[in-house]
Every structure is written in C-alpha cells, then in structure tokens.
Amino acid sequence: MVREALILLSENSLARRVATGAPGARTLARRFVAGETVEDGIAAARRLNQAGMSVTLDYLGESVSQRAEAVAAADTYLRMIDRIAEERLDANVSLKLTQMGQDIDDAFLRQNVGRILDRARDVDMFVRLDMESSRHTQRTLDFHRGVWNEGYRNVGVVLQSYMRRSMDDARAVSALGARVRLCKGAYQEPAEVAYQEKAEVDDNFVALMKVLLTEGTCPGIATHDEAMIRATRQFVREQGIASSACEFQMLYGVRRDLQTALRHQGYKVRVYVPFGEAWYPYLMRRMAERPANLMFVVNAVLAESPLRFLVRNRNQS
Ligand code: FDA
C-alpha cells in the first residue's frame with residue numbers, strides 16, 4: 001500500500017511542487033542525490049573513484065514534453081561527458097529516453113540521443129539507457145536495437161526482473177552482444193505485465209542473472225538485496241566466471257556499507273550517481289523501495305519545524 005501510494009505521488013505534479021518548495025527538502029534529497037550541477041556530480045564521482053568505486057552519472061529528468069527542454073538535457077550530458085573525459089574519471093553516463101524526447105517524436109529522439117552517443121564514442125565512453133515504466137519498454141528496446149544496428153557499440157540497456165517478458169529480452173539483447181544492467185524494477189506495474197510477489201521477482205532476478213552471466217556481455221547486477229548478491233557470488237564461483245566479467249551496481253547513498261564491503265572483497269562496484277534539480281520523482285521511488293526512508297524524511301522535516309521537539313523526544317526515547 002505505502003509503496004503504491006509513494007509511486008503514485010512520484011508522478012503527481014502538485015505533490016512535486018509542494019515537496020520541492022518545502023523547507024529542508026533539498027537538504028533531504030542530498031542523501032540520495034549528489035547535488036544540482038554537473039560539477040556536483042563530477043565531485044561525487046571523483047570521491048567515489050578515490051574510494052575504489054566506478055560511477056555512472058545520471059542527470060535527473062524524465063517525461064519531458066518540450067523539445068527545448070530535451071535539447072538542454074542532452075547539452076548537459078555533452079558537458080558531463082567532456083568533464084568526465086577531462087578529469088579521466090572512471091565513469092560513464094546513464095540516461096532516460098523520456099528525458100530526451102521519447103514522448104515527443106522518434107526522429108527528434110534519435111537526433112538528440114545521437115549527439116550523446118557520438119560524443120561518448122569519441123572518448124570511448126559507455127552510455128546506459130535506463131528502463132522506465134512498461135509503457136516504454138518496447139520502444140526503449142527498439143531504440144537500442146536501432147542504434148546498435150547502426151553500429152554503435154557503446155550503448156546498453158536495463159532489464160527489470162519484475163517484468164514477465166524480461167527472460168526473452170535478456171536472450172535477445174545477449175545475442176546482440178550488448179551489455180545489460182539487471183535490476184528488480186521501480187515502477188508500479190499491473191499483474192498482466194509484471195510479477196507482483198517479491199519471491200517471484202527475486203526468483204526471476206536469479207534466473208536472469210544466470211542467463212546474463214553465461215550468455216551476456218559484462219552484465220551489471222544492480223541490487224542492494226544481499227540474497228541476490230549472495231546468489232550472484234555463488235554462481236560466479238561455481239561456474240568459474242572471472243569476477244571482472246561482471247559488476248555490482250548500487251545507488252548513491254544506499255547501502256554504502258555493502259558497496260565498500262564488496263569492493264574490499266575484490267568485486268567491481270559501480271555507483272549510480274544522480275544529480276540535477278528534477279530530483280522529486282527519483283527521491284519518491286527511493287522512498288517507495290524502503291518505506292523506512294520515510295522516517296528519515298519526516299525527521300529531517302520536523303527537525304527544521306516548530307515541531308522539532310517531537311524529533312528530540314523520539315530520539316531520546
Ligand atoms: P529490494 O527492494 O528488495 O531491497 C533489498 C534491500 O536493499 C532492502 O531491504 C534495503 O535494505 C535495501 N534498499 C533497497 N532500496 C533501498 C533504498 N531506496 N534505500 C535504502 N535501502 C534500500 N529501476 C528501474 O526500473 N529502471 C532502472 O533503469 C533502474 N536503474 C537502477 C540502477 C542501479 C544501479 C540500481 C541499484 C537500481 C536501479 N533501479 C532501476 C532500481 C531498482 O529497480 C530497484 O527499485 C532498487 O534497486 C531496489 O531494489 P533492490 O534490488 O535493491 O532490492
């Protein structure tokens with residue numbers, strides 16, 4: 001129930017306006033978002049690289065309906081790619097096609113993302129196409145296959161283990177030789193297209209992980225779920241797969257203890273670092289994944305309000 005409500009709120013524009021105007025909201029977002037500017041993202045990437053982590057940088061934004069906004073978002077990606085290359089960071093970029101014009105026009109989308117793929121290819125950088133809700137799954141995979149067939153090899157996709165179709169997609173993308181990030185999926189989906197029970201989503205995650213590790217290319221296993229990580233490590237060990245043949249991926253600010261532990265055990269860990277002003281839907285999806293984060297939010301808001309004595313009392317009890 002809480003998860004559903006939070007995901008619905010993540011798509012509500014009135015709630016977005018209220019939340020982003022609330023005192024302390026920005027401070028709060030900083031737990032999961034590196035800042036608002038390209039330089040904030042670059043600084044976070046530098047810090048993570050120094051701690052031995054690879055990075056993927058995401059300029060927050062989605063569901064864009066104005067061409068100028070989509071062009072400006074792509075321009076930010078170009079600046080980001082240049083800065084990563086200048087600083088020789090161990091980082092690539094992740095983007096959402098709806099931020100680039102997927103809901104506007106296919107030719108426009110191709111042109112806008114093409115600029116990013118070209119610039120990234122010039123500096124030998126990988127571009128990940130994030131996966132959004134099931135309304136966009138087929139179009140995102142078609143877009144990926146299209147640019148792959150045009151000869152771009154620096155582009156990969158994301159598959160979600162809650163989607164019933166993902167096993168077929170994993171085999172198809174693996175046959176191309178393209179890289180997949182595997183995650184559980186963060187949107188509210190109907191039972192016709194997505195598994196609803198955690199056990200089913202987890203079982204499918206493990207099945208997909210095995211296919212991607214045996215048939216795929218350098219998969220990113222994106223989860224904070226220790227059971228999924230254990231299953232992956234066990235499979236890698238049993239099959240004699242080199243630990244460098246895949247990477248674990250986690251979100252900025254989530255399970256930093258686990259990120260560090262895996263790195264110390266010799267696994268490659270990539271941290272997904274979002275930045276930008278459009279943090280509201282991203283933050284709400286993180287709340288939905290772990291409603292306990294809500295208490296973190298409530299405490300932070302209360303701490304700045306006339307009701308702050310409530311926080312003190314709760315912390316003392
Ligand atoms: P699960 O939700 O079962 O959580 C397992 C445990 O992890 C929890 O008990 C908690 O300890 C911890 N945890 C998980 N989320 C947390 C949070 N927000 N805060 C604190 N603790 C948390 N989704 C999508 O639909 N499209 C995409 O392109 C991507 N991209 C992506 C990239 C990367 C690098 C990651 C790690 C994740 C994504 N996701 C995504 C999000 C993904 O689909 C999923 O919603 C979250 O990763 C949460 O699922 P877990 O696998 O962590 O397991």
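Of note:
Every residue, every condition in (1) in a strand (DSSP E or B); (2) without any contact (Cβ under 8 Å) to a residue 40 or more places away in the chain; (3) among the charged types (D, E, K, R), yes or no:
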{"position": "V180", "(1), (2), (3)": "yes, no, no"}
{"position": "V201", "(1), (2), (3)": "no, no, no"}
{"position": "I229", "(1), (2), (3)": "no, yes, no"}
{"position": "R233", "(1), (2), (3)": "no, yes, yes"}
{"position": "V236", "(1), (2), (3)": "no, yes, no"}
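- Test for A199: is it buried (at least 16 other Cβ atoms within 10 Å of the Cβ) and more than 9 Å from the ligand (Cβ to nearest atom): no
- Filter pass, Q259 being open to solvent by less than 60 Å² (accessible area, probe 1.4 Å), within 14 Å of the ligand (Cβ to nearest atom) and either part of a strand (DSSP E or B) or touching a residue at least 24 places away in the same chain (Cβ under 8 Å) (or both): yes
- Flag if G156 is closer than 25 Å to S65 by Cα and surrounded by fewer than 21 Cβ atoms within 10 Å (Cβ to Cβ): no
- Subset of segment 76-92 (residues that are under 20 Å from the mean Cα position of the chain (by Cα) and open to solvent by less than 60 Å² (accessible area, probe 1.4 Å)): T76, Y77, L78, M80, I81, I84, L89, A91, N92
- When E39 is tested against the conditions (1) within 29 Å of D106 (Cα to Cα); (2) at pLDDT 95 or above, the lone failure is (1).
- Boolean, G220 is open to solvent by less than 10 Å² (accessible area, probe 1.4 Å), within 10 Å of the ligand (Cβ to nearest atom), within 26 Å of R3 (Cα to Cα) and in a loop (DSSP other than H, G, I, E, B): no
- Positions within segment 232-247 being under 21 Å from the mean Cα position of the chain (by Cα) and closer than 11 Å to K210 by Cβ, in sequence order: T232
- Scanning segment 233-256 for residues that are in contact with a strand residue (DSSP E or B) (Cβ under 7 Å, 6 or more places away or on another chain) and either among the polar types (S, T, N, Q) or within 12 Å of the ligand (Cβ to nearest atom) (or both) turns up E247, F248, Q249, M250, L251, Y252.
- Boolean, Q188 is assigned to a loop (DSSP other than H, G, I, E, B) and of a type in the set (S, T, N, Q): yes
- The number of residues in segment 239-254 being part of a loop (DSSP other than H, G, I, E, B) and farther than 14 Å from A51 by Cβ comes to 5.
- In segment 223-232 there is no residue that is within 15 Å of the ligand (Cβ to nearest atom), modelled with pLDDT under 95 and open to solvent by 20 Å² or more (accessible area, probe 1.4 Å).
- Counted residues, segment 139-174 - those being within 15 Å of the ligand (Cβ to nearest atom) and in a loop (DSSP other than H, G, I, E, B): 4
- Any hit, segment 89-99, residues being free of Cβ contacts under 8 Å to residues at least 24 places away in the same chain, basic (K, R) and within 30 Å of Y267 (Cα to Cα): no
- So R30, is it within 27 Å of C246 (Cβ to Cβ) and open to solvent by 20 Å² or more (accessible area, probe 1.4 Å): no
- Filtered by the rule that a residue be among the small types (G, A, S) and surrounded by fewer than 23 Cβ atoms within 10 Å (Cβ to Cβ), segment 95-125 gives A107, G114.
- In segment 57-75, the residues that are open to solvent by 50 Å² or more (accessible area, probe 1.4 Å) and touching a strand residue (DSSP E or B) at 6+ places or on another chain (Cβ under 8 Å): Y59
- Here is the figure for segment 271-297: residues that are within 13 Å of L48 (Cβ to Cβ) and either near the ligand (Cβ under 7 Å from one of its atoms) or exposed (fewer than 15 other Cβ atoms within 10 Å of the Cβ) (or both) total 1.
The values are calculated or read from the model by the stated rules, or taken from the named source; none is laboratory data. Computed from a predicted model, the values in this text were never measured in an experiment. In this analysis, Cβ positions are derived from the backbone assuming ideal geometry, glycine residues included, and neighbour counts consider all displayed protein chains. We work out accessible area using only protein heavy atoms, side chains counted, and drop any ligands, DNA or RNA first. Shrake-Rupley method; radii C 1.70, N 1.55, O 1.52, S 1.80 Å.
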